[in-house]
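Remarks on the structure that follows.
Derivation of every value follows stated rules applied to the coordinates shown; laboratory data play no part. Bear in mind that the values here come from a model prediction, so they are computed numbers and not experimental data. Virtual Cβ from ideal backbone geometry, glycine too; neighbours counted across all protein chains shown.
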Amino acid sequence: MIVLCTNLWNHHMGPVCREMARLDGADFKMVLSEPLDMLERIEGGRSDWKASASGGEPKTEPAAKAAPCVAYEGLLPPQEPWIVQPPRTEADWQTGVYNDLIWTADVAIIGATSRYAWRTIRKRVWAGKLTFFMNERFFRTPRDWKYWLNPRRLASWCRTHLLLSPANVHYLTMNHWCADDLAFFRACTGRTWRWGYLVAVSDAPTPKPVREKVRIGWCGRFLRLKNVCDILQACSSLENSLKRQIEVTLVGDGPEKENLVRLTHELGLDDQVRFLPFMSSADAKAFMRDLDVYVFPSGRQEGWGAVLSEAMDASCAVVANEAAGATLELVKDGVNGFTFKDGDIRTLTRRLDALIADAALRRKFGLAAWRTMQEWSPAVGAQRLTALIDAVRSGHTPRTPSDGLCGLIR
């Protein structure tokens, strides 16, 4: 039996788990560890929440600070036979089947998990049972040696090193930078595998008709780390003849929205840029299918960036910050999109210039992007992960592409 334990349901994890459950002979369970009373508060928009990848306390903020967010959509899980519904309360966790499933599983895959599961997870690791951890990264920003002079941080390094060092522990990195973090902890050498958020993919590429104006877009939560201001700065730097050929739509809500609206006015882009409010996941995908170009300016602080995957599946010509987690895995510069260095507005402007002027290039990149996502689909992910698990359990060398899903990183 394969058990995947994570804190909550989300629409990015669902597709690959559903494919795992569909495989012939599969005995797959998804255990949701966050008590339902917490999830209902999130779903109702009455609290903000941050996931813990190390068993820490959930963090809540007053309702006045809460705002609609794509990440909070659909957290209450569907009724599926392979989903172990979350406990109603913390007390229910202690008396339910959750710890038993994690302990007795032939293979456990551990994502960001609430604190209630960690005693059983550690017990499982020390007992030598095959365990895969799955996470985006340990550090949002690089840490130099001075950071670790603090005794508590040094103790944290030691705990992480000891937890991930046993030969029965493997790691699925949902971010290119996570492998560097594991090297820093001197853990999982020869047991670090490429993974990511595997969004549902379409059966065919999306046609992109040539229109009077090139439609450029972005979708997400307006946070400083998203670097949405880079899009505005780049559009402002375009020649006037190109500015008249674009229609830029920014979708979402968040604390930076007011500043971005003000910047749009200051840069004289009121005729080119419009803002739309938060959309559901389904509406956001429809929005992307109607775009010609998708700009993904998030930098290293972006763990993965599933929105880039969705834009590529929608056959958009993408221009992506090369420092973001998903960019490093999905986008090959000049092949299925363009990349630019973090903060390099001049290069971003040149990339937009080229795409605005060349409809054939947009179509070429869009088709190549869609084909890339066929190799990063939930079905492919489920097959390769199962093959990887079978190979590890039998002591054989996994036969997976080194630069694709479940490829060996280090």
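Structure summary
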{"read-out": "Sum of side-chain charges, R289 neighbourhood, beta-carbon under 15 Å (Lys, Arg +1; Asp, Glu -1)", "value": "0"}
{"read-out": "Region 382-397-region 267-327 distance, computed between alpha-carbon centres (Å)", "value": "34 Å"}
{"read-out": "Protection proxy ranking of 101-109, 397-405, 302-310 - average other beta-carbon atoms within 10 Å, highest first", "value": "302-310, 101-109, 397-405"}
{"read-out": "Label-point separation in nm, A286 to L154, each point 7 Å along Cα→Cβ", "value": "5.8 nm"}
{"read-out": "Cα-based shape type of region 288-390, given that a ≥ b ≥ c are square roots of the gyration tensor eigenvalues and the cut on a/c is 1.5", "value": "oblate"}
{"read-out": "Net charge of neighbours whose Cβ lies under 15 Å from the Cβ of D24, counting Lys and Arg as +1 and Asp and Glu as -1", "value": "-1"}
{"read-out": "Coil-residue trypsin sites (Lys or Arg not before Pro) of region 148-188, DSSP, other Cβ within 10 Å capped at 16", "value": "R186"}
{"read-out": "Antiparallel bridges, percent of DSSP beta bridges restricted to the chain (to nearest 5)", "value": "0 percent"}
{"read-out": "Residue-wise HN-Hα coupling along region 351-365, computed from phi with Karplus coefficients 6.51, -1.76, 1.60 (Hz; x: Gly, Pro)", "value": "5, 5, 3, 5, 6, 5, 7, 9, 5, 5, 5, 4, 5, 4, 5"}
{"read-out": "Shape call, region 158-289: gyration tensor on alpha carbons, a/c limit 1.5", "value": "prolate"}
{"read-out": "Prolate/oblate/rounded call for region 214-375, Cα gyration tensor, a/c under 1.5 rounded", "value": "rounded"}
{"read-out": "Among the listed pairs K29/K285; K208/K332; K226/K341, those beyond 19 Å (Cα-Cα)", "value": "K29/K285; K208/K332"}
